[in-house]
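Notes follow once the structure below has been shown.
Each value in this text was obtained by applying a stated rule to the coordinates, not by laboratory testing. Keep in mind the model is a prediction, meaning the values are calculated, not measured. Backbone-built Cβ (ideal geometry, glycine too); neighbour counts: all protein chains shown.
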């Protein structure tokens, strides 16, 4: 059974050191030291492993009194009068997966002392290795001493000591200990590692898998930077163990002030764990939060939640639409819960849930809860099945508005339930493929349109080609739906009726599309050029105005006519509104590729027999001849890549949509840029009743936004930054940067982020995160 993501406990303070031999190698599982390879320590070693099994998976079996001990050497000398046996010359002693190697091993039967000397090495089943010059073991091999030992541990961790004393096969006392996870320079082994923990003495508790250092220093590049009177950590072989994790201290936060966090990690069993964290701040009440995780054979479960006493109070403010929003109940006892779970019922079916709830957005802002800044929190439960070419899902969804001054919970829908089925068949006898899709739901709103919909889409595609090289696609499509709706005069439809309506639509469509690619090579075969005219004709009944036919609209509130939807049967994102009538789409695609250079373009336009009047303004389809859409990607070399898209209104002689991306740079430096333009902000079009008045002022604000970013990396260093600014509103949207250093055993990172998103009339201050990471020990830092 898999284990959750590993975590390491932390106690007191952290640090690293180095002393003694510069090429220290070995394993701090020195619980089994040299004696661990012999029979005498078998019982005690077995007990230690049994106690830590929930924390890691043993890679080899424990020592046994029954299993035979095998040895080989160049020579064996028996001194029977004195009771001494000596193995010498390439001595190897092993039992199961435990191996001991030395130049000489001497065993005194009278005293029960075994001594190994000369290039002593012991290999553990988990791969750890201990090296020493001399080791002497006694008391059934449970006690012993060793000099100048070096241990190579998991994750390339290394421990060295001038000497070690082993007590009862459970505790190892080390003198003048040095610990590091950094590589030792092969050319200059006398150089100190990047960091090390250097202690006067240390104790390794093999039963509980902990290492305690006393009177220690943290050295960076051989220079002491921190003194630690006491420091405790798990040994690197431990992947999961209960204990305190890295505490956090933040000197300043706009809403929390100075605050302190202390997490505790609890290993419940091999498949589940829990992290409990307390938060104490100077500006508001305390918070306690927890995360529970469980990885089972048939599924996973994760629950994150917290409760706090928030003393901040939010007053009234003016929202985006110029209306005064009253204060909300966002102080006192507050809490949140985010839960995700899924379970496999069978090979083809699984069930799951995503529950996300919070008492208020301001509480999430005040306590830095993940998800703040979103407009809504969504929750759902679902059952889904998978088959050959088929997918089925039934779910229920609910939403919680976070920006209550703009989005009220009473305006948000409950989807109880929604059913989706999709089927894509194999090629039939005529060479075509049949597809079937349905999305049926019941949408309930306390304030707004409530809608029950049954919908069915049937599609058949038949590709073919001719001798002229033309590629044809014949499509037969049928779209149908029936709705039963109430309160159609309310949002988001605002239809001119208050009655309950049962209405529907059926739209058969026939489409024929032709691609005619012309290909030639040039530059002695090193380049290719493709010129591809594309033509499409679509025939369907006129759909008319969906609003006046009292047809609800849940999934087609937006409309975008661009190069990506030029040849789509339906250019709405959903099926509550459909593109009908007779129309033709035309375009020319060109591609030139040579010597690693590429230019790719597409220009197109649509001709329509009738004009629908329920599209949002600036859709690009307000005339029989549509706006011109175009796309171009230019990559003259690997150092630069430019992509641009545009929609031009030839009647008003203006650009109704445009965006662009550019990326340029060399191996160690890159600059990126992005730009988007629209004459309005479509997001706000349906925010108010457009039947009785004009769209809100926020809709008429141009979307004119620029993003710039740069990044560089050189060996172990990285640096990046970005800005995002609204040129129309003359204000920043977001900005930030990141700088850091990382090598094989150490990482340093500092990040700055400022977002100008306003929720509840206020926004957060800037965020600064400073993090230090020591391999095998953990990360700690300051966030503020």
Quick check on packing: order 722-729, 210-217 by the mean number of other C-beta atoms within 10 Å, highest mean leading.
210-217, 722-729
So, in nm, how far is label residue 374 from label residue 85 when the simple model puts each one 7 Å beyond its Cα toward the Cβ?
6.8
So for R0 = 41 Å, FRET eff. of residue 718-residue 230 from the Cβ-Cβ r, to 0.05, ends up at 0.75
Crossing angle, helix 42-52 versus the chain [Cα axis fit, 0-90 degrees, rounded to tens]
30
Mind running the shape call on region 716-784? Use the C-alpha gyration tensor, a ≥ b ≥ c as the square roots of the eigenvalues: rounded below 1.5 for a/c, prolate if a/b tops b/c, oblate otherwise.
oblate
Theoretical ellipticity at 222 nm over the chain - DSSP helices of four or more residues, -39500 (n - 2.57) apiece, nearest 500
-500 deg cm²/dmol
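How far, in nm, would the chain grow between residue 191 and residue 474 when pulled straight, counting 0.36 nm per residue and subtracting the alpha carbon separation? Kindly include the intermediate steps, with their values, before the conclusion.
Values: separation 283, 0.36 × 283 = 101.88 nm, distance 7.31 nm.
Extra length available between residue 191 and residue 474 comes to 94.6 nm.
Thinking of region 334-435 as a set of Cα atoms, what percent of all their pairs are more than 25 Å apart? Spell out each step's value before the answer.
On the way: 2126 of 5151 pairs.
Counting pairs separated by more than 25 Å, the tail of P(r) holds 41 percent.
Order the peptides 420-430, 442-452, 479-489, 707-717 from the highest to the lowest mean number of other Cβ atoms within 10 Å of their residues.
Working: 420-430: 12.2, 442-452: 17.9, 479-489: 19.8, 707-717: 14.5.
The peptides rank, most packed first, as 479-489, 442-452, 707-717, 420-430.
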With a Förster radius of 41 Å, plug the Cβ-Cβ distance of residue 252 and residue 301 into 1/(1 + (r/R0)^6) and report the FRET value to the nearest 0.05.
0.65
Which distance in nm do the two modelled labels at residue 758 and residue 408 give, with both placed 7 Å along the Cα-to-Cβ direction?
2.1
What is the spin-label model distance, in nm, from residue 119 to residue 766 if the labels are put 7 Å beyond Cα along the C-beta direction?
6.0
Using a Debye calculation, one point per C-alpha and no hydration shell, please list log10 I(q)/I(0) for region 562-670 at q = 0.16, 0.20, 0.22 Å⁻¹ in order.
-0.79, -1.05, -1.19
Which residues does a label at residue 484 reach in region 402-438, if reach means a backbone N under 18 Å from a point 7 Å past the Cα toward the Cβ?
414-419
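What order do you get for 224-230, 178-184, 116-122 when each peptide is scored by the mean count of other beta carbon atoms within 10 Å, highest first?
Values: 224-230: 13.4, 178-184: 23.9, 116-122: 21.1.
Ranked by mean Cβ neighbours within 10 Å, highest first: 178-184, 116-122, 224-230.
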Note the per residue figure in Å³ for the convex hull of the C-alpha positions in region 115-273.
157
Three-way shape label, region 383-494, alpha-carbon gyration tensor, a/c 1.5:
prolate
Given q = 0.04 Å⁻¹, what are the Debye log10 I(q)/I(0) values for the chain, with equal point scatterers placed on the Cα positions and solvent ignored?
-0.28
Between residue 269 and residue 731, how high is the FRET efficiency from 1/(1 + (r/R0)^6) when r is the Cβ-Cβ distance and R₀ = 45 Å? Nearest 0.05.
0.30
